[in-house]
Each structure stands twice: as C-alpha cells, then as structure tokens.
Ligand SMILES: [Zn+2]
C-alpha cells in the first residue's frame with residue numbers, strides 16, 4: 001500500500017473509532033438513596049429519612065427513565081436494605097458515571113434550632129478535605145479537581161431547582177465531615193443532596209407528603225438534566241476548539 005493510502009486508512013479508522021465512542025456515550029447517573037435497613041437516618045414525627053430518601057430516589061429514577069431516554073439510571077438500592085458506604089462507592093468507581101447523587105434529609109437536635117433551621121443543602125468533596133493527597137499521582141489529583149468543579153456545578157443546578165420547583169430555601173453548600181466518608185471514596189462528580197430538615201415542622205410535613213416528594217423528585221431530575229446539558233455544551237465546545245486548532 002502506498003504511504004498516502006496507509007495514512008488515509010489510518011485516519012479513516014481513527015475517525016470511525018471516535019464517532020463510535022461519542023455515539024455510544026450515554027449520560028449515566030447513579031442515584032443513591034441514603035441509609036436503609038437497620039440504619040434509618042433521621043426520624044422526626046414518625047417520618048423516617050431512609051423512607052423519604054428511597055421514595056424520592058425512585059421517583060427521580062422513573063422520571064428520568066420516562067422522560068429522558070438518553071439517560072441511563074443506576075440505583076444503589078431499590079428496597080429498604082442496608083448497604084455499606086464502601087459498597088456504594090465501589091459501585092460508582094466501577095461504573096464511572098457522569099454523576100453520582102446521594103439523596104438525604106437533614107435534621108438538627110434542640111427545640112429552639114428545630115424551629116429556625118431549614119432549607120436544602122448540597123455536600124461536595126473539597127480537594128483540601130481529601131486525606132493522603134500525596135498518595136495520588138498528578139493525573140489523579142487533576143481528576144479529583146475536575147470532579148470537584150463538576151460536583152459544584154451539579155449541586156448548584158439541583159439547589160436552584162429545589163428552590164424553584166419544590167420551594168426549598170437554598171441553604172447552599174455544606175462542608176460537613178460526617179457526610180464526606182462516602183464522597184471521599186467516589187471518584188465521579190458527586191453530590192449529597194439534603195432535601196430539607198425533617199426536624200423543621202413545615203419541611204417534615206412537606207417531605208412526608210406525596211406532593212412534596214414528587215416536587216423534590218422533579219427538582220432533582222431537572223437539576224440533573226441541566227447538568228447533563230452543561231456537560232454536552234463543554235464537550236461540544238472542546239470539539240470545536242480542536243477543529244479550529246487543526
Ligand atoms: Zn442522611
């Protein structure tokens with residue numbers, strides 16, 4: 001084969017591979033319903049966190065499956081069972097999703113605080129909270145940094161929608177170490193979403209109601225879709241950059 005033909009063939013094969021890989025790329029989200037089984041999470045006024053988490057997660061799953069066929073949804077649990085944090089993280093690290101989202105409800109002790117503290121929060125893994133940073137290679141540190149930026153994006157979109165659709169006050173980002181054990185192990189962009197405080201009377205009633213759970217699920221779903229669109233936009237832009245550079 002002539003040299004020019006060989007190059008043409010190689011280019012053709014390369015392009016074929018590239019288009020196959022981009023066409024095959026579905027947006028994958030893992031939805032993790034917090035707690036489960038013997039681990040109930042917060043319980044206030046007989047409303048169990050593990051139950052709210054699971055019901056909202058299942059509603060998010062169904063909404064995504066019905067309305068967004070190009071989104072692949074994987075659940076860490078679909079029943080009232082206990083799953084170790086390390087197993088939830090291992091699933092994420094095996095699947096390498098575009099987003100890992102863990103759904104929880106918040107709570108605070110003390111009668112005076114319970115009357116005052118409410119709102120939706122997101123928890124993300126901050127690079128400075130990582131342990132043994134030294135053990136990572138440069139490439140892994142970069143990956144962690146990129147995941148952190150994307151986690152913030154996803155968290156912002158979800159908090160925006162929880163406010164707009166479900167009327168949950170935008171509490172912002174929490175840096176609670178208690179919740180970070182899971183995120184520390186997850187390499188994908190990841191957010192723990194605390195829908196609201198079960199210890200706050202209005203939020204307790206809202207999260208216990210069918211309407212409240214549906215609104216929260218709709219909000220989380222919309223937030224995920226906004227994040228997906230954001231990712232598509234940056235992938236598109238980087239494709240264009242490559243074309244310009246050639
Ligand atoms: Zn929780």
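Considering only residues that are more than 16 Å from the ligand (Cβ to nearest atom) and either part of a helix (DSSP H, G or I) or surrounded by 18 or more Cβ atoms within 10 Å (Cβ to Cβ) (or both), which ones fall in the stretch 82-101?
86, 87, 90, 91, 92, 93, 94, 95, 97, 98, 99 - these are the residues of the stretch 82-101 that are more than 16 Å from the ligand (Cβ to nearest atom) and either part of a helix (DSSP H, G or I) or surrounded by 18 or more Cβ atoms within 10 Å (Cβ to Cβ) (or both).
Inspection of the stretch 7-18 finds no residue satisfying the criterion of being surrounded by 17 or more Cβ atoms within 10 Å (Cβ to Cβ) and at pLDDT below 95. Selection within the stretch 48-75: residues that are part of a loop (DSSP other than H, G, I, E, B) and in contact (Cβ under 8 Å) with a residue 12 or more places away in the chain. The member of this set that is surrounded by the most Cβ atoms within 10 Å (Cβ to Cβ) is 68. When 27, 82 are checked against the criterion of being at pLDDT 95 or above, touching a helix residue (DSSP H, G or I) at 6+ places or on another chain (Cβ under 6 Å) and farther than 19 Å from residue 216 by Cβ, 27 stands alone in meeting it. Across the stretch 154-174, the number of residues qualifying as under 23 Å from residue 88 (Cβ atoms) and touching a helix residue (DSSP H, G or I) at 6+ places or on another chain (Cβ under 6 Å) comes to 4. Among the residues of the stretch 30-45, those identified as under 29 Å from residue 187 (Cβ atoms) and touching a helix residue (DSSP H, G or I) at 6+ places or on another chain (Cβ under 6 Å) are 30, 31, 32, 33, 34, 35, 36, 40, 41, 42. Evaluated against (1) modelled with pLDDT of 95 or more; (2) in contact with a strand residue (DSSP E or B) (Cβ under 8 Å, 6 or more places away or on another chain); (3) within 27 Å of residue 165 (Cβ to Cβ); (4) more than 16 Å from the ligand (Cβ to nearest atom), residue 54 falls short on exactly one condition, (4). Checked against (1) out of contact with any strand residue (DSSP E or B) (no Cβ under 7 Å at 6 or more places or on another chain); (2) within 16 Å of the ligand (Cβ to nearest atom); (3) within 13 Å of residue 36 (Cα to Cα), residue 79 meets all criteria but (2). All of 48, 96 fail the test of being modelled with pLDDT of 95 or more, out of contact with any helix residue (DSSP H, G or I) (no Cβ under 8 Å at 6 or more places or on another chain) and under 21 Å from residue 213 (Cβ atoms), apart from 48. You will find that of 182, 177, 195, the residue that is modelled with pLDDT under 85 and touching a helix residue (DSSP H, G or I) at 6+ places or on another chain (Cβ under 6 Å) is 182 and no other. Annotation: of all residues in the stretch 31-47 being under 16 Å from residue 200 (Cβ atoms) and more than 9 Å from the ligand (Cβ to nearest atom), the one that is surrounded by the most Cβ atoms within 10 Å (Cβ to Cβ) is 44.
Taking the stretch 24-34 as the range and being part of a loop (DSSP other than H, G, I, E, B) and either closer than 23 Å to residue 233 by Cα or more than 16 Å from the chain's Cα centre (by Cα) (or both) as the test, the residues that pass are 24, 25, 26.
Taking the conditions exactly as written (in a helix (DSSP H, G or I), more than 22 Å from residue 85 (Cβ to Cβ) and within 16 Å of the ligand (Cβ to nearest atom)), does residue 221 satisfy them or not?
No.
The number of residues in the stretch 187-218 being away from the ligand (no atom under 16 Å from the Cβ) and either buried (at least 24 other Cβ atoms within 10 Å of the Cβ) or within 16 Å of residue 122 (Cβ to Cβ) (or both) comes to 3.
The values are calculated or read from the model by the stated rules, or taken from the named source; none is laboratory data. Given the structure is predicted, the values throughout are model-derived calculations rather than measurements. Because the Cβ atoms are built from the backbone with ideal geometry, glycine has one as well, and the counts that use them run over all protein chains shown.
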